[in-house]
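The values are calculated or read from the model by the stated rules, or taken from the named source; none is laboratory data. As the structure is a computational prediction, the values presented were derived from the model and not from experiment. Every residue, glycine among them, receives a Cβ derived from its backbone with ideal geometry; neighbour counts consider all protein chains shown. For the accessible areas, the whole protein counts, side chains as well, though only heavy atoms, and no ligand, DNA or RNA atoms are used. Shrake-Rupley method; radii C 1.70, N 1.55, O 1.52, S 1.80 Å.
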Amino acid sequence: MMIIVKLFCLLLLLAWDVCATTEQDVNNMALDGGTVQMQYLHDDGKTIRSVSCPRYFFTLSTANVQAEIKYKLYHSRWSDRVILDLMYHGLRYGDVNGTRTSPESTSSKKKKNQQLKWDILQRNANSHCKWEGIVCNKDNKVTQISLSRLGLSGTLPDELHQMSQLEMIEVNNNKIHGRLHASYGKMSSLKLFNVEDNHLEGSIPGSWSHGMTSMEFFSLAGNSFTGTLPQLDDWKSLIYLDLSRNRLEGPVSLFENNLKLATLSLRRNQLTGTLQLQSSLPEMKGLDLSHNQLSGTAISKDFLSNMPNLLELSMQSNLLTGYLPSELFLLSHLRMLRLSDNLLTGSLPDAESSTGGKWSDMKELEKIELKHNKLTGTLPPNIFWPGNRLTSLDLGFNKFEGKLPTTIKYASKLLHLLLPYNHFEGSIPVELAKTNKNLKFNFTENRFTSIPKELCNHRIDLNQQAYYYLYDCNPLICEKGTFTLNGAQDIYSGCQTCDGLSKPESEYIGRTTCPTKNFTYGDQDMVGELSETEILRLLHAQTGGMYWGRKYMHWGMPVNDPCDHPGITCTNSHVVKIDLSEVSLCTDYKRNPLPDEDCRGIPSELALLEHLEVLNLGKQQHLRGTIPWELGHTKLKYLEITNAPGMNGTIPSSFGHMTNLKVLNLSSCKFNGTIPEEFYELTKLEKLHLNMNDFSGHISSNIQKLTNLKEFMMSRTYLSGTIPEELGKLTAIENLELYGTHLTGNIPASIGNCTNLKRVDMFNNKLTGSLPSELSKLQSLQILHLKLNQLTGTISPNFGELSYLSWFDVSSNKLSGTISPTFGASRSLHDFRVGNNRIYAPIPPSLCKNVHINGGLTATYGCDAIVCPLGTFSETGHAIDTNPGCLACPEGLTSIYLGAIRCELISDHDILNMFYDVLLNDLDAKERKQLGSEMGGGLYRESMIGATNTKEDDDDSDTTGSHSSWKDPSASVCEWKGVRCGSKGEILSFRFPTPFMDE
């Protein structure tokens, strides 16, 4: 039997009226490319003009809109205020018209751009001149925009060029993307334009070269610009030009028509061609052309003479050839010369009678970098002179020869003397002992035969490298007949013997190779095998051990018993446990991270500790590197590397060999890849913590092999796929945490077999299907956290009968029905969250009176602390103190289920769905199946509901749905079975097949 249910007219009419108004508003927008057409009434009160306006104008009052349109009509451009509004929307939402592409993108960008605190709703006269980063002149015209380092994203508006008096745009070090508009070339007043270190792309508009004629400072560095270098001949005031770190290509230009240019940086592009400078650049002080593909002669005589005031010259990492002319001495103000990694030949210039120049003419010279070339000859004695300022001399990887000049004693300010891989010979001059004590030098792989003892005593700092006293001069350079990979002993390895060398090679010091012996990393005592002491020293050295603190200072000494080290546990004089969880690895004394060269990570040599069972490197925020593959061949039972975002890479497949492993904790790092199948052979594993990493892939069905597993945690990873049924075979498991991943599919009912489970946490996934009633049989269950999924069906009342359940959160799903009174009778429940579902009344009174629920909020808010009532909402779906309580829905909006987290415009579709859900959840399984059949497609029988109109409602214009199923989102509401609509699409009534109500 059918009954005709009349709609709730007031609610439906309210929803319908709002919908119609919204649709009418959209139609009136006449959207066109992100703008809207708006009407402007002229002062004569008669003439109406249609004007294209930014979309956000719909948020303004009529008076403000009319004022802004009037300004544009009279000035042929928008006001500075409107342009700043467009800039705000562009940087905050990625659309200069304020259009938000999606709720997700808008939300994330708002969080990232909270630093841009412009009150765009305040429209008092010239209020924008008080905004952060905005400077106006006395006429209230914007002259400066300075928004650097604010984390801004989005795009810059085309309309910026309409700011007629703008002199400075500074938006560097943000995340701005897109292309730069050609229209910016019209900004003739602009003096400074800095967009460096953003995500901009495209070519540099050619039209700019004829505009922006007031430009003085211009930087596009650190973006992704392509194309060729622009011609900027009309920029006569240009002083600073930085186009570095882009993808510019084509022939190089030195912008020689820009006579005021003082700094030019084109480094790290793809520029080609030769260097030519026909006219003078008298103001040029800094020229950086490094890391390009330049060729030809590096430094010609004309090149040098046309830049007499040059302070810094950087052209390293190119393909430059030729030699260094003596005219180099004419650069009397030069401070830095960097020509490394080229193809230079010849010798260094010496005093030249033809020019009268000499090295001492460059009195301000501080750095010379010429490594990795093909330079020859000797080191000129006059490169060092009394009073010189040289701090760094790098001539490594060339073909220099001869002895080092004794004039090196004048290099009193020298901090770096790098001469490796040359052919220098003889004894290292004792005069070096008279130079700066902090001098660091590298003389390896030359033909030096000795080093004075005075120099060794002068250089070794016993306070920092206490163990060096055991090794004579080896920390400076390996003695003859020995070698290391870098030619000198360091904190990692000592100089090792090399037998079988013939003369003259056997006489050379500072060797890095040995033809008869492999190098043993970490060996300090020349035995060729690592002791436990040396292995621990490597761990100490590779993780900044000198900064661990005085308690651990003996770790760095090669003569102490390792069993006496703090953090070390021994059994039978062998190391079985390393626990450095209380040490801050890879940091300095102030807990600042060490540079990468001082933090080499976990040494693979730890695998040589044959008795090691425990390795605890937990809570290491600055530890870096990967897990050594060799650790998989140890007898470890416990391995912890946690809270180390610098640790990355995959889990080595060799871990499958650690058959004794019981605990593996790699949480809160950056490990990635999938879990190797070999991993599931670790049958003794009890705790597996891999949460908060970048792991991906699926959970293998082979997880059933880990029969001793008690804790499985892979939350906040990139897991995908479904949860395997085999997980239900882990009968020992107590803690299952898989929240914040990309898991899909159903929750396996087999998990109900895991009778020891205390915590099930799978919130924020994409799980579907019902909430398995089998979970309500887990008598030890304390926490069930499944919010933010897509679960459907009802909540079993058996969950409320679990004796230990304290936290029950299934909020933000699609669950429906009522709350069982069993939850109200629970004595263990403290957190109960079911909001943002399809829950309807009644709420068990006993639950509303339980003062232990949800932080005791029931004492204040009663049932609202369980779920917000109809017509209200809160961010959690229940009353909270921060609101306070549940908030009433704004006018025109409402909620149709209990526990709403937002109010919505209710459609006919929503209302009919609600009726369907409520009725469906009140039926038993047989009745539910029958109703679903009768409300759907071909199974819906004409005998149950007429496809034609009744006599009393007969109207040729009315229609009754007869072919589409309820709950079909692709069908119009008027096409649903039994729904009767009027000629304008309005719902008149609907017929619901409810034969069960007769009973």
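Points worth noting:
- Being modelled with pLDDT of 90 or more, assigned to a loop (DSSP other than H, G, I, E, B) and out of contact with any Phe, Trp or Tyr (no Cβ under 7 Å at 6 or more places or on another chain) is a property that does not hold for Leu404.
- Any hit, the range 264-279, residues being under 15 Å from Leu232 (Cα atoms), among the charged types (D, E, K, R) and surrounded by fewer than 22 Cβ atoms within 10 Å (Cβ to Cβ): no
- So Ser253, is it touching a strand residue (DSSP E or B) at 6+ places or on another chain (Cβ under 8 Å), under 28 Å from His177 (Cβ atoms) and either part of a strand (DSSP E or B) or not hydrophobic (A, V, I, L, M, F, W, C) (or both): no
- In the range 93-139, of all residues being of a type in the set (Ser, Thr, Tyr) and at pLDDT below 50, the one that is most open to solvent (accessible area, probe 1.4 Å) corresponds to Thr101.
Here's the yes/no breakdown for (1) of a type in the set (Lys, Arg); (2) farther than 30 Å from Tyr718 by Cβ; (3) open to solvent by 20 Å² or more (accessible area, probe 1.4 Å); (4) assigned to a loop (DSSP other than H, G, I, E, B):
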| residue | (1), (2), (3), (4) |
| --- | --- |
| Ser780 | no, yes, yes, yes |
| Ser811 | no, no, no, yes |
| Ile819 | no, yes, no, yes |
| Ser826 | no, yes, no, yes |
| Leu829 | no, yes, no, yes |
| Ile843 | no, yes, yes, yes |
| Asn854 | no, yes, no, no |
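- Selection status of Thr683, of a type in the set (Val, Ile, Thr), closer than 18 Å to Lys577 by Cα and not in a helix (DSSP H, G or I): no
- Residue in the range 32-43 that is on the phi > 0 side of the Ramachandran plot, within 40 Å of the chain's Cα centre (by Cα), open to solvent by less than 50 Å² (accessible area, probe 1.4 Å) and at pLDDT below 80 present: yes
- Within the range 528-551, considering residues that are more than 35 Å from the chain's Cα centre (by Cα) and over 26 Å from Cys514 (Cβ atoms), the one surrounded by the most Cβ atoms within 10 Å (Cβ to Cβ): Lys551
- Within the range 506-518, considering residues that are closer than 27 Å to Pro452 by Cβ and within 44 Å of the chain's Cα centre (by Cα), the one surrounded by the most Cβ atoms within 10 Å (Cβ to Cβ): Gly510
- Close pairs from the range 716-732: first within 30 Å of Pro645 (Cβ to Cβ) and free of Cβ contacts under 8 Å to residues at least 60 places away in the same chain, partner assigned to a loop (DSSP other than H, G, I, E, B) and open to solvent by 50 Å² or more (accessible area, probe 1.4 Å), Cβ under 6 Å, at least 6 apart: Arg716/Met692; Gly721/His698
- Among (1) open to solvent by 30 Å² or more (accessible area, probe 1.4 Å); (2) on the phi > 0 side of the Ramachandran plot; (3) of a type outside the set (Ser, Thr, Tyr); (4) in contact with a Phe, Trp or Tyr (Cβ under 7 Å, 6 or more places away or on another chain) - the single one Gly649 does not satisfy: (1)
- Selection of the range 137-172 for residues being without any contact (Cβ under 8 Å) to a residue 40 or more places away in the chain, in contact with a helix residue (DSSP H, G or I) (Cβ under 6 Å, 6 or more places away or on another chain) and on the phi < 0 side of the Ramachandran plot yields only His161.
- Screening Glu425 on (1) under 28 Å from Met315 (Cβ atoms); (2) at pLDDT 95 or above; (3) open to solvent by 50 Å² or more (accessible area, probe 1.4 Å) shows it passes everything except condition (1).
- The residues on offer are Thr674, Thr626, Thr642, and the sole one that is open to solvent by 60 Å² or more (accessible area, probe 1.4 Å), within 22 Å of Cys586 (Cα to Cα) and either under 30 Å from the mean Cα position of the chain (by Cα) or among the basic types (Lys, Arg) (or both) is Thr626.
- Condition met for Asn382 (more than 24 Å from Ser280 (Cα to Cα), buried (at least 21 other Cβ atoms within 10 Å of the Cβ) and out of contact with any Pro (no Cβ under 6 Å at 6 or more places or on another chain)): no
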